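The next block holds one structure in the form of structure tokens; read it before the comments.
Since every read-out is calculated from the coordinates, none of them should be taken as a lab result. All of these numbers come straight from a predicted model, not from anything done at the bench. Note: ideal-geometry Cβ built from the backbone for every residue, glycine included; neighbour counts use all protein chains shown.
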Amino acid sequence: MDPYEFLTEIGFTSTIHEEVHVYFPCSERFDRTIYEHIKPFAPKRCEQTFRAIECCGAGGGAYKREPELVRATHARVNSMNAANMYTYCSTCAGMFHAGGVKRVKNFLSEILGVHEVPSTHYARNVSAFKLRKHRVGDCCVQG
């Protein structure tokens with residue numbers, strides 16, 4: 001169950017009142033399962049604004065291997081002059097924000113009224129956690 005489905009299930013009814021320009025993350029480019037659960041929270045949606053933007057730059061490590069392509073993509077997004085960019089992928093939000101894209105917002109943060117600025121260290125934090133050596137069995141009772 002995704003967070004938006006859970007919010008609906010518990011009767012949470014907050015909505016985003018402004019028109020939202022949606023950026024679809026790679027994982028939902030074609031099958032928009034999570035997005036279907038977001039729709040009730042954002043009645044004024046522009047789904048085509050960023051359709052030509054295929055990736056935030058994190059996919060395939062593009063930000064390390066092809067930084068000029070990523071910079072060009074971020075500049076292209078800024079040149080679109082959209083009032084905002086809403087996404088539901090924290091990595092995408094962080095990549096676009098770090099790349100200088102203005103008014104990047106995360107759907108969940110806005111729906112919950114937290115209004116967080118996207119983290120530019122999200123991908124680094126995830127990588128550090130994944131690469132950290134986890135000790136198995138420290139919490140288990142032996143015997």
For the stretch 15-122, what is the largest minus smallest coordinate of the Cα atoms on each principal axis, given in angstrom and ordered from greatest to least? 38, 27, 25
Residues with amide H under 5 Å from that of A42, placed H, sequence gap 5 or more: I16
Given the candidates A82, F30, V20, the one whose Cα lies deepest towards the positive end of the charge dipole of the stretch 15-122, counting +1 at each Lys or Arg C-beta and -1 at each Asp or Glu C-beta, is A82
Scan around N84 for amide H atoms under 5 Å from its own, H built in the peptide plane at 1.01 Å from N, and keep only partners 5 or more places away or cross-chain. H21
